[in-house]
Amino acid sequence: MNYEKALFLYKNDKTLQLLRAEHFPLLVSFFHLAFKQQDRISYLQTELQSILGDYIFSLQRLGIEDDRKALVDYLSRSAV
């Protein structure tokens, strides 16, 4: 792989964008809960947003705060 290819991937690859996301720990832990622990491969967007709301609420009860709007926006963009 040459420099130009690596730079292109860095700027455009969805997986790498996720790894650089400000909310990476929250996203990964949420996706693990929603997909891996539930042994599911797909959800309706409304289901996923509901699960996300519940997950964020449970984190807030533990004193962990994050920006829910940014995550819902991320899910909306990813669903397209």
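The values are calculated or read from the model by the stated rules, or taken from the named source; none is laboratory data. In this text the structure is predicted, and so the values were computed from the model without any measurement. Positions of Cβ are backbone-derived with ideal geometry, glycine not excepted, and every protein chain shown enters the neighbour counts.
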Counting just the residues of region 40-54 that are assigned to a helix (DSSP H, G or I) and among the small types (Gly, Ala, Ser), which one comes out farthest from Glu65 (Cα to Cα)?
Ser50
Every residue from region 1-39 that is within 15 Å of Leu59 (Cα to Cα) and part of a helix (DSSP H, G or I)
Phe24, Pro25, Leu26, Leu27, Val28, Ser29, Phe30, Phe31, His32, Leu33, Ala34
So, first residue not hydrophobic (A, V, I, L, M, F, W, C) in region 1-25, second residue not in a helix (DSSP H, G or I), Cβ within less than 8 Å, six or more apart or across chains; the pairs are His23/Asp66; His23/Asp67
In region 29-52, is there at least one residue being among the small types (Gly, Ala, Ser), at pLDDT 85 or above and surrounded by fewer than 11 Cβ atoms within 10 Å (Cβ to Cβ)?
yes
Only one of Ala70, Ala21 is surrounded by 11 or more Cβ atoms within 10 Å (Cβ to Cβ), modelled with pLDDT under 90, small (Gly, Ala, Ser) and in contact with a helix residue (DSSP H, G or I) (Cβ under 7 Å, 6 or more places away or on another chain), namely Ala21
